[in-house]
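The values are calculated or read from the model by the stated rules, or taken from the named source; none is laboratory data. Everything numeric here is computed off the predicted structure, so don't read it as measured data. Cβ: placed from backbone, ideal geometry, glycine included. Neighbour counts: every protein chain shown. To get the accessible areas, we keep the full protein, side chains included, count just its heavy atoms, and leave off ligands, DNA and RNA. Shrake-Rupley method; radii C 1.70, N 1.55, O 1.52, S 1.80 Å.
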Amino acid sequence: MELYSHLARVYDEVFPIAPAAIAFIDRVAGANGKKGCAVDLGSATGGHAFALAERGWEVTGIEFSAELFAISRNKQTKNGSTARFLQADMRDLGRHFGVESTDLVLCLGNTLPHLSGLPEIRNFLAAARQILRHGGRIILQLINFDRAGAGFVFPVITGTNFRFERSYEGLPDGGIAFDTRLSFDDGPAFADRTALFPLTPALLESALTDAGFSIESRCAGWDGGDFDPASSAYLIIVGVAA
C-alpha cells in the first residue's frame, strides 16, 4: 500500500487525534479508574498510543507501514513516552501477545476493512478475543458501508501545502476500491488504489458475536451519539470479551 508511505509526511495534519476520541476510549475501557494493557492496531504515527499512555495505560502500537512506524518510534525517542511500537501485521496478533494478557484492543480509522475478506476478519477477531482478559474491550471504528459504498466521495482535505482526495469505486468481486490522490504544492501528486472489504455493521456484529464478544454499544461518533445505519457516516462499536 503505497498510500501510507506517501501520506506519512503529512499524516498528523490529515488525521489529527481528537481529544474526544481519547476521552471516549479512556471512559469506556478504563471504568472505575482501572488502566491496563492496551494494543492499538494500525497505530500510524502513534497519536492514540501516546495519549493513552499519558493517561496511565500500558500501550503497544502495531503498525505495518515502515514509514509511519518510523515516525512513531522517532516521536517515542524524543518524548520518552512509555508507549512502545512494533512494525508488524495485525493478522499476527497472537504472535506478539499471550492469551488473556490484554485489557483493550483498538482498531480505529477504518483499518479493519483493509483485511481481505470476512474469513480473515473473523480470524482477526478470534485472535483479539484470545489475547483479551474476560471483560476486556475491543473498540472498532470504521466507515458505515451501509451508507458509503461504491461511488461515495469524501470531502477533500487540504492543509499547509497539500490536497488529499478520496473516493470509493466498486470492484467486480464485490469489494470496494479506495482511490486516493495526494498532491503537494511544492512537488508531485501521488495516486493510489487500495482494495477494501465493505464490512457492513450487520456482518461485523455477527463476526464479533461468533468470536466471543457481546456488543456493549454502537455509536456514530466519539461524542457517544446513537448509531443510525441509514445516516451515520461512521460506526464505533464496543465489544466485551465474554
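With springs connecting C-alpha atoms under 10 Å apart, model the chain as a Gaussian network and identify which of A44, A21, A220 has the largest mean-square fluctuation. Evaluated over the chain, the most mobile residue of the options is A21. Phi angles across the range 89-106 convert, under the Karplus curve 6.51 cos²θ - 1.76 cosθ + 1.60 with θ = phi - 60°, into 3J(HN,Hα) values of 9, 4, 6, 9, 3, x, 6, 9, 9, x, 5, 6, 9, 10, 10, 8, 10, 10 Hz, Gly and Pro given as x. At full extension, S217 and A70 could sit 49.5 nm farther apart than now, given 0.36 nm per residue minus the alpha carbon distance.
Comparing A207, A70, A230 in a Gaussian network model of the chain, where Cα atoms under 10 Å apart are tied by springs, the biggest mean-square fluctuation is seen for A230. Heavy-atom accessible surface of Y234, to the nearest 10 Å², is about 90 Å², with a 1.4 Å probe and all protein chains retained. Each label point was placed 7 Å from the Cα along the Cα-to-Cβ direction; for R55 and D89 their separation is 3.2 nm. With the whole protein complex present, H48 retains an accessible surface near 40 Å², based on a 1.4 Å probe.
Our note on the geometry: Cα centres of the range 36-90 and the range 128-143, 17 Å apart.
For the chain, the spread of Cα coordinates along the three principal axes comes to 49, 43, 33 Å, biggest extent given first. Secondary structure note: in the chain, about 65% of the DSSP beta bridges are antiparallel.
Ligands, DNA and RNA are left out, and with a 1.4 angstrom probe the accessible area of the chain is 45 Å² per residue.
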